[in-house]
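A.B. asks: Please find one structure pasted underneath; my questions will follow.
The values are calculated or read from the model by the stated rules, or taken from the named source; none is laboratory data. Keep in mind that this is a model prediction, so the values were computed, not measured. In this analysis, Cβ positions are derived from the backbone assuming ideal geometry, glycine residues included, and neighbour counts consider all displayed protein chains.
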Amino acid sequence: MPLTASSPAVIRDPRLLPLWENVRAGRRLTRDEGLLLFQTEDLHGVGRMADFAKSRLHGDRVFFVMNRYVNPTNVCVLSCSFCDFARKKGEAGAFENSIEDVLAMIKPGTREVHITGGHHPDWPFEYFERMIAAIHAARPETQIKAFTAAEIDYFWRRWKIEPREALARLKEAGLRSMPGGGAEVFSERLRKLLHYSGKADAERWCEIHGIAHSLGIRTNATMLYGHVETLEERVDHLIRLREQQDKSGGFLTFIPLSYQVGTTKLVPRQTPPTDDLRTIAASRLLLDNFPHIEAYWVMIGEATASLALHFGASDVNGTLEEEKIAHMAMAESPPGLAREQVLRIIRDARKTPVERDALYNVVAVRN
Amino acid sequence: MLSQIRESAQAGKRLDRAEGLWLLTEAPLLELGSLAQEERFRRIPDKRVTFVIDSNPNYTNVCVTDCQFCAFYRKPGDKEAYTLTVDEVMAKVEAASRHGATTVLLQGGHNPALPLDYYLSLVRETRRRFPGVTPHFFTASEIQTMAQVAGKPVAEVLALLKESGQTTLPGGGAEVLSERVRKRIEPKKGGPAAWLDVHREAHRQGLRSTATMMYGHVEAPEDVLDHLDAIRELQDEFGGFTAFVPWSFKPGNTLLEKWIKHYKGPNAYLRMLAVSRLYLDNFPHVQASWFSEGKRAGQVALHWGADDFGGTLFEENVHAAADYVNKTTVDEVVALIRDAGFTPAQRTTTYEILRTF
């Protein structure tokens, strides 16, 4: 049941009341107000405001896509402190997929394929260009979402191909949209501390998304939170994204990524679900120019993802076949099972599931 | 309705059935959580969340009651059927005690082959050998089975258990206290009146107990309200309930699995907790179960009216029989409570604080 302006605003922290007025009036929140969203103990109050903002945009609809993730390689020249995925060339566990391997991973009927990978030391840009063209030729019905801004930047660092040229050629080959990864946290302090200074910085990351938007390529944005970042750094990150969206306008979805402790152990445990819910809500409230905020169920768990649909999230990503198969270790799961799982996350929260394509065109409303 | 309920709660006025039904079926989840949290802090003003170090072993899986929701029991003579000797149970209590447990929640099937003296020995021996452990033994339906097998009234069985050293009873076996539900899923069990009678008699004799509810199968909201009304009325008589503990039915390996594929999710769980906090105005505590609903849902539940995080459950076999397994340690429970924004405190079976972390 969405809140309306006439609903009783049961907000327990009176400091939130001016924010509630601003949200209701559609006025943009300031940095200090953003910080308060993270500092107040009134989790329900923050959630209610975010639910109001979400409902105004999308009613009770929640979007999902039949998609799959593909990682061409995990070989990476970087050594980011938070990453469990990357391997050096020749190291145990390193993998390098051929174009044929990648094609074999994408079943007919997959609506969206999401492709990201390591910064490979040897693979030329043309290899990735051929990969996109081959997927597009083999699966014209599949929309290709590929390469983070960090990877596009790496094509420049390694092969001196300007982002505008790289993106134009990839678009020509069949690229439809870009994922939002590689943003991590826009903080010079953390870039040094967590050893990702060899990666596109805030300026460059935003520049590349701006170029993509100018070429008609829609993109997503992310933030990796729940490790050693400060609340101020989170808010600054969100505001930087909001400014970029004002300039170029091509962002579709913001996806807060809850840091997975894995073996990198920057902190002893994953941040609690209450922090995930709060971060999703604060993102919805601060990013007033982003169409969607996503609850990425793989990282926060299905239960928290379902609850996040009351905290401003309007998207749950998708069926993620690859993740499913990885989880189930060799088990051949029927494709309908994953869809049922995603529908359950949405229906459990009494929201209306809407199957979408990569660009948020409605495929079907699954009442 | 929301502001009416809020005013009632603030004034300490008991919620009626219509208000309860609205909360169960219509209330927006965040408003509901906010109301429940206000109520929780009115009752327990500090940010304390308690937990108990405990274990949940079983003495037998032999059962003649054939409940459709149960994956744990075996019929007498089944090759997987087992019944432990008193010494074998004591070995389990010893293991729990060694890990710091102050509570052992012991329960089992309804095994007509066991004499009353077996049960009395379990209590007596636990008290004698492990003075630091509270024997939180035997649910209401087991007490009834003992009474039937021994040919004694329930009151006498309870008196003998008390004389042997028992001070508390676990609240399991209530399922949903509604005749309609009982006929559907547990026709051979004693039903709502029998469960309530055992707890009433226990409270009369000065024993304390918990009340539970297993929801998420065939019950309607009215059945849930029947359940809440019944335990609220009983609590008015003697005040013997320490806490209310709802959990969701797990369909794995049960007869009901054919119709019910999945357990009710986190939205239903938060709603149930918050409603019980608001509706059960005479219950001191509401327990969030990290165990039955998952650690992360359990942490969120602390913001929906719960003030207790349950036990560490070093051993558990009933959910495990439904292929549902979840493990923790004391350190992890402390960390989960703290991460959720509360102050962890270890408690006894009857909710006295032992230490604050």
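A.B. asks: Please pick out the residue among A:Thr264, A:Thr271 that is within 14 Å of chain B (Cβ to nearest Cβ), of a type in the set (Val, Ile, Thr), in contact (Cβ under 8 Å) with a residue 40 or more places away in the chain and not in a helix (DSSP H, G or I).
C.D. replies: After applying the criteria, what remains is A:Thr271.
A.B. asks: Can I ask one more? Name the one entry in A:Asn361, A:Asn367 that is at pLDDT below 90, farther than 30 Å from A:Ala25 by Cβ and polar (S, T, N, Q).
C.D. replies: A:Asn367
A.B. asks: For the range B:190-213, how many residues are surrounded by fewer than 20 Cβ atoms within 10 Å (Cβ to Cβ) and modelled with pLDDT under 90?
C.D. replies: Of the residues in the range B:190-213, 1 are surrounded by fewer than 20 Cβ atoms within 10 Å (Cβ to Cβ) and modelled with pLDDT under 90.
A.B. asks: For residues that are closer than 30 Å to A:Leu309 by Cβ and acidic (Asp, Glu), scanning just the range B:28-73, find the one that is farthest from the other protein chains (Cβ to nearest Cβ).
C.D. replies: So the residue we want is B:Glu39.
A.B. asks: I'd like to check something: does the range A:189-197 contain any residue that is touching a strand residue (DSSP E or B) at 6+ places or on another chain (Cβ under 9 Å) and of a type outside the set (A, V, I, L, M)?
C.D. replies: Within the range A:189-197, not a single residue is touching a strand residue (DSSP E or B) at 6+ places or on another chain (Cβ under 9 Å) and of a type outside the set (A, V, I, L, M).
A.B. asks: Give me the pairs: first residue in the range A:48-71 and among the charged types (D, E, K, R), second residue part of a helix (DSSP H, G or I), beta-carbon distance under 6 Å, and six or more apart or on different chains, which are they?
C.D. replies: Taking only residues 6 or more apart or on different chains, the pairs are A:Arg48/B:Leu30; A:Lys54/A:Arg284; A:Arg68/A:Glu321; A:Arg68/A:Glu322.
A.B. asks: Could you list all residues from the range B:61-87 that are exposed (fewer than 13 other Cβ atoms within 10 Å of the Cβ) and outside any loop (DSSP other than H, G, I, E, B)?
C.D. replies: B:Asp87
A.B. asks: Now for a different question. Report the residue count in the range B:212-247 for those that are among the small types (Gly, Ala, Ser) and more than 11 Å from B:Val176 (Cα to Cα).
C.D. replies: Counting residues in the range B:212-247 that are among the small types (Gly, Ala, Ser) and more than 11 Å from B:Val176 (Cα to Cα) gives 3.
A.B. asks: Just one of the numbered conditions (1) at pLDDT 95 or above; (2) more than 14 Å from every other protein chain (Cβ to nearest Cβ); (3) surrounded by fewer than 21 Cβ atoms within 10 Å (Cβ to Cβ) is not true of B:Thr25; which one?
C.D. replies: Failed condition: (2).
A.B. asks: Note down all Cβ pairs under 9 Å where the first residue falls in the range A:289-313 and is more than 9 Å from chain B (Cβ to nearest Cβ), the second is in a helix (DSSP H, G or I) and of a type in the set (Phe, Trp, Tyr), and they're at least six residues apart or on different chains.
C.D. replies: A:Ala305/A:Trp297; A:Ala308/A:Trp297; A:Gly312/A:Phe52
A.B. asks: Please go through the range B:304-357 and pick out each residue that is among the aliphatic types (A, V, I, L, M) and within 17 Å of the chain's Cα centre (by Cα).
C.D. replies: Once the filter is applied, which keeps residues that are among the aliphatic types (A, V, I, L, M) and within 17 Å of the chain's Cα centre (by Cα), the range B:304-357 yields B:Ala306, B:Leu313, B:Val318, B:Ala320.
A.B. asks: If you take the residues of the range A:91-114 that are assigned to a loop (DSSP other than H, G, I, E, B) and loosely packed, with under 11 Cβ neighbours inside 10 Å, which of them is nearest to the chain's Cα centre (by Cα)?
C.D. replies: A:Gly109
A.B. asks: Something else about it: Select from the range A:223-249 the residues that are within 12 Å of A:His209 (Cβ to Cβ) and among the polar types (S, T, N, Q) and list them in ascending order.
C.D. replies: A:Gln244, A:Gln245, A:Ser248 - these are the residues of the range A:223-249 that are within 12 Å of A:His209 (Cβ to Cβ) and among the polar types (S, T, N, Q).
A.B. asks: Also, I was wondering about something else. For the condition closer than 30 Å to B:Glu352 by Cβ, of a type outside the set (A, V, I, L, M, F, W, C) and in a loop (DSSP other than H, G, I, E, B), what is the one hit in B:Gly109, B:Gly171?
C.D. replies: Result: B:Gly171 is the single residue among B:Gly109, B:Gly171 that is closer than 30 Å to B:Glu352 by Cβ, of a type outside the set (A, V, I, L, M, F, W, C) and in a loop (DSSP other than H, G, I, E, B).
A.B. asks: Taking the range A:240-252, which residues are in contact (Cβ under 8 Å) with a residue 40 or more places away in the chain and touching a Gly at 6+ places or on another chain (Cβ under 7 Å)?
C.D. replies: Hits for the range A:240-252: nothing passes.
A.B. asks: Considering the range B:292-331 alone, what residues qualify as being in contact with a strand residue (DSSP E or B) (Cβ under 6 Å, 6 or more places away or on another chain) and either part of a helix (DSSP H, G or I) or free of Cβ contacts under 8 Å to residues at least 40 places away in the same chain (or both)?
C.D. replies: Across the range B:292-331, the qualifying residue is only B:Ser292.
A.B. asks: Taking the options B:Val224, B:Val218, B:Val133, name whichever one is modelled with pLDDT under 95, of a type in the set (A, V, I, L, M) and farther than 17 Å from B:Phe241 by Cα.
C.D. replies: Only one candidate qualifies: B:Val218.
A.B. asks: In the range B:267-296, what count of residues is obtained for those that are at pLDDT below 95 and aliphatic (A, V, I, L, M)?
C.D. replies: Residues that pass the stated criteria total 0.
A.B. asks: Here's a follow-up. I'd like the residue in the range B:248-264 that is within 14 Å of another protein chain (Cβ to nearest Cβ) and closer than 21 Å to B:Ala211 by Cα and, out of all such residues, is surrounded by the most Cβ atoms within 10 Å (Cβ to Cβ).
C.D. replies: Filtering the range B:248-264 for residues that are within 14 Å of another protein chain (Cβ to nearest Cβ) and closer than 21 Å to B:Ala211 by Cα, the one surrounded by the most Cβ atoms within 10 Å (Cβ to Cβ) comes out as B:Ser248.
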